[in-house]
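Taken together, the values in this text are just the output of simple stated rules run on the coordinates, not laboratory data. Keep in mind it's a predicted model, so treat the numbers as computed, not measured. Here Cβ is always computed from backbone atoms with ideal geometry, including for glycine, and neighbour counts include all displayed protein chains.
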Amino acid sequence: MKIRKIAPNEDLETTIKKKRNRYKFVLIAILVLSTAGFLGFKYFTPKKEAVCLGTDTKIYDAYKDAVVLVKHQYGYFAKINGKEIPLNVEDAKEETIYGTGFFVDTEGDMITNRHVLQPWDSTEEESEKVNTTIRNLRMKIASILTTDVSEDDYESFISNNWSHASVSYDEGEGEGEYEESSEETSESAGEEFVSSNETDTETETDTTQASTDIAASIPVKEYVSAENIEVYVKTVDIQVALHNSDSEWINCEIKKVSDDSNIDLGILQVADHKTPQTVTNIISLDNIVDNDTSLAPGQKAIMVGYPMGIDLAQTNSGIKVQLYNGQISKESDGNKIQYSITSTHGASGSPVFNECGQLIAVNFSGFDQVQGFNFGIVAKHIQSL
């Protein structure tokens, strides 16, 4: 019989290995069970049935604090040789518009319309108008701004000399020289020297020589090339006010806008990324009608928002949100739905609910000439945004 020799520490090493393997097995089991539990909770827990609010008043009371008045100030800016300045001139006045938005989470996120966040790009007509203004501003700046002006003086120099600005700027080869022509001068020059006698000829020669000498004595200034001037529109300030607030505006920032021109939606966020504590009931995106084919003409539609902006919202006891109702007028086309709610400027971005208080659309347009023909982007597009 052969006797196997056992090393003194073999039993101890074997025991340690077995314990390590057991620990690994337990750790893996914990990870698997934890993952399964999380996924089960997230994907297999049945949704809690939403309570149907049933009346306009209950819907208003539930969501009035979550709906905000948006104030957006924007203007034209120029970047000259890399230096950005605001343009405070007659052709480029700062604008202020109002819209509506609503909180959808506790991180300060609000849904509104893209055209509330980018009003300069709201329609094809508006975009063309803005682009024309931008081209003219660029040419006018190039017609008056000389290279000897320091960057710190750009803003004041342009403002003080704007009355002399012209769009008759010739970019040429990008040399940045302003060409000024005068029809009147050309005509007078043609009529002034008509005599053929010797005296007139001598006078003409003397006058021409004097004019040449004067012109030569005037220093020629170089102008900043239009290639080094960029003009654009951007937000100056964007804020929101809550229902029942009294001239208290909360600073915000634009988070995202839809890339699809047919989906007029955007996300605005409170600057500190916190939904105000007074907003006790957000408009949950878990409770939206995401099947727009279920929205049929004749069903109730209720809007909570700020038509006419600050003009109608401001009262003796602070800012007040308003409620308007109507009916769905036309089936959804996949992007928008029509309803008979009274609305106007300022109500852009307002939430539109069904009779149970479920979000069905985000109001975005209507007709100025007649009331009762308004449209909203169906709520399902909020999820993809």
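Is the stretch 234-299 rounded, prolate or oblate when judged by the Cα gyration tensor, a ≥ b ≥ c being the square roots of its eigenvalues, rounded requiring a/c under 1.5 and prolate requiring a/b larger than b/c? Oblate, because a/c is 1.5 or more while a/b does not exceed b/c.
Applying 1/(1 + (r/R0)^6) with R0 = 51 Å to the Cβ-Cβ distance of Ser127 and Cys52 gives a FRET efficiency near 0.75. On the beta carbon distance between Thr293 and Asn316, with R0 = 56 Å, the FRET formula returns roughly 0.80. Counted residue by residue at 0.36 nm each, then reduced by the alpha carbon distance between them, the extension gain from Met308 to Thr280 reaches 7.5 nm.
Model label points for Thr235 and Ile250, set 7 angstrom from Cα along the Cα-to-Cβ axis, are 1.4 nm apart.
Geometric descriptor of the stretch 224-346, per residue, is 194 Å³ (volume of the convex hull of the Cα atoms).
Among the listed pairs Lys58/Lys93; Lys129/Lys300; Lys320/Lys380; Lys79/Lys380; Lys64/Lys93; Lys93/Lys320, those whose Cα-Cα separation exceeds 32 Å are Lys58/Lys93; Lys129/Lys300; Lys79/Lys380; Lys64/Lys93. The length gained on full extension between His273 and Lys79, counted as 0.36 nm times the residue separation minus their Cα-Cα distance, comes to 66.8 nm.
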